[in-house]
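Bear in mind that the values in this text are calculations on the coordinates, not laboratory data. This is a predicted model, so every value here is computed, not measured. Here the Cβ positions follow ideal geometry from the backbone for every residue, glycine too, while neighbour counts run over all protein chains shown.
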Amino acid sequence: MRATLLAATLAMAILIVAGCGEEGAGQGSGHESDAEPRPTPQAKQKQPKKAESVKGEVAKKPSQEQHQHKAVPKPEPEGAPRNIPGLTPQHVYLNLENRGFKCSEPKLMGPDNEVRWTCEKQEAQGEYLVEINSSDANSVRLVEARVISHEPARADALAQDFLGYIARTSSEGGQPEEAKAWLEHNVGSKVSAEFGGVSYTLGGTAGSRFLELE
């Protein structure tokens, strides 16, 4: 009887121990499957940079195309030639025609198609020539007047009369009387002056005197 009871007790103890072992093994395997593997330090270093940071770097640097299309400052255009204030070609050549000059029709001169009128007159004492240069029919850029004396000793006297007239009548709205007085005092010399916004230049050679207004 005792032997039978002891055998049953040992068998029950063996079953309980075996059951606890299997339960522990099952719980251990469940924890291992649920846990996520932690990244190693090397894995963290190999992760690529975020796309946003790369775009930020590109935005800071201009592209090659932007460099090629960089705006280049254009040279400023040259200023237009200065005209004699208030003077027209008609004013000059009509006054000369009233003094017996013969004036040509306007002609295009040079690559800029500048317009030129030429007025001439010959007398026993000398020859007179006036050229009117303009960019159009309503303005005057340059007036060149020249007198050639048949007697070199009288060149200054002829120049004072004729060139003084040109200086006085070709400076509308300027200082005609001052310009005429300056010319009469300096005729025969190579000098320049400005009156009323008009530049006057005197010069000449033996027997010839000229005046330029611009």
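What does the net charge come to around Val115 if you take all other residues with beta carbon closer than 13 Å to its beta carbon, with K and R at +1 and D and E at -1? With Lys, Arg at +1 and Asp, Glu at -1, the net is -2. With the Kirkwood sum run over all distinct C-alpha pairs, region 89-213 has a hydrodynamic radius of 14.7 Å.
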